[in-house]
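The values are calculated or read from the model by the stated rules, or taken from the named source; none is laboratory data. The structure displayed is predicted, hence computed values, not measured ones. Using ideal geometry, Cβ is built from the backbone for each residue, glycine included, and neighbour counts are taken over all protein chains shown.
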Amino acid sequence: MAKLSPQDRVTKSHIAIMRSKEFCMFSGVLSVGDVKFVDYLPTAATNGRDVMYNPKFVDEITDDKELNFIVLHEALHKAFQHMMLWKKLWKESPMLANMAADYVVNATIVESDPHNNIAKLPSMALYDKQYDGMTTRQVFDLLKKSCGKGGDGGGQGSQQEDGEYEGGGHDHHDWEGAEKLTEAEQKEVKKQIDQALRQGEIIRGKMAGNQSRAIGEILEPKIDWREQMREFVTSICRNKDKTSWRRPHKRFIGQDIYMPSMIGETVGKIVVGIDTSGSIGNEELRNFLSEVMGICDEVNPESVELIYWDYDVAAHETYHIGDYAGLATTTKPAGGGGTRVGSLNEYMKEKRIEAECCVVLTDGFVESDWGGNWDVPTLWAITSKGLTSPHGKSIYLGD
């Protein structure tokens, strides 16, 4: 019998995966992007869309089940969108980002096929049961903590020049290739992956295939926190029934057409309360304030009362119409002590700040009564998943 070429062997793996009850849910993901055979990679890699294999590397894998594992490994990197979602981790530590992503992917494959019916874990692949059910971020943090204590991050080797690690060499990670994809291309890939996974769930149901816990979590419906925050504020500050030439409508200025913008006599103050007890990162704060600026541009409030708090109110800044565009760059966050959101509530009452609404950015680890009764409609933008306030509306400030 003639020996199969590397291309034919990878195709054979695709077919075996698609026909299996263990992994049929990934049938569509295998079809996203192109499969390429190249010499510049020592093993295999994906940029989140395309998958590349070194033909010699494929030839050297004599066990078909191990090759199935590697093909699945690349498919799951795409399914989890590792190369696009975790670039921040890669820039912080290429080796730990690579290891974390591999631990998550390999744990998912092993969990789906514990008896090696279709896929067998290669000897050089990273796997540790302690990371089962964890996210890439959680594994990364644990590896980072281990390294900080003088450990090797739980890995199986040292870092190479390209950020890969020796001993886990069954694939590489094309982070640079992912960065070269345009924003439009990345959005299209994300859309294709989502559709492929949902179609895979239909196939799995028809084949009575195994259900993947990780993929089920990926397919949970998500609502963008920005949309929720915008809807909350605009629904309260909806009364905009007069026009004004004091502030020309921005949409038409670029066409040298000056039209009045809509203003509302009843749109007063908006309070934005920010938890500075130490758990809110600079990037989270920047993203949050950028969205606040956009909302202010839309509803045109009388003022924005930006209040930083930890155990007590640490700073209070006031911005008026015309100042909102520079809010994110001119603000000076203050605080860093304990956490007591009641201090914000007390301060608003003490200063008699009559606001249309209050938007609070916090990690959600506050006193049990969440600051007592709030006299103003309140939106809680919480950075910790699963926490909600009994007062007002809560949204999760996450991806």
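Exactly one residue among ASN54, ASN68, ASN47 is crowded, with 24+ Cβ neighbours inside 10 Å and either out of contact with any Leu (no Cβ under 9 Å at 6 or more places or on another chain) or polar (S, T, N, Q) (or both), and that residue is ASN68. Listed by position, the helices (runs of 4 or more DSSP H) inside segment 1-95 whose residues that are under 22 Å from ASN116 (Cβ atoms) number at least 3 are 6-19, 27-30, 55-60, 64-79.
Based on what the data block shows, is LEU96 surrounded by 23 or more Cβ atoms within 10 Å (Cβ to Cβ) and closer than 22 Å to ASN210 by Cβ? Judged against the criteria, LEU96 is not a match. For GLU356, the conditions (1) outside any strand (DSSP E or B); (2) surrounded by fewer than 21 Cβ atoms within 10 Å (Cβ to Cβ); (3) in contact with a Pro (Cβ under 8 Å, 6 or more places away or on another chain) are fulfilled apart from (1). I'd like the residue in segment 373-399 that is loosely packed, with under 14 Cβ neighbours inside 10 Å and more than 20 Å from GLY337 (Cβ to Cβ) and, out of all such residues, is nearest to the chain's Cα centre (by Cα). Filtering segment 373-399 for residues that are loosely packed, with under 14 Cβ neighbours inside 10 Å and more than 20 Å from GLY337 (Cβ to Cβ), the one nearest to the chain's Cα centre (by Cα) comes out as ASP399.
For TYR347, the stated conditions do not hold, so it cannot be described as modelled with pLDDT under 95 and either over 15 Å from CYS237 (Cβ atoms) or outside any strand (DSSP E or B) (or both). Condition check: in the same structural domain as THR62 (by TED's automatic domain parsing), free of Cβ contacts under 8 Å to residues at least 40 places away in the same chain and over 17 Å from ARG198 (Cα atoms). Does VAL35 satisfy that? Judged against the criteria, VAL35 is a match. When GLY364 is tested against (1) outside any loop (DSSP other than H, G, I, E, B); (2) surrounded by 21 or more Cβ atoms within 10 Å (Cβ to Cβ), just one condition goes unmet, and that condition is (1).
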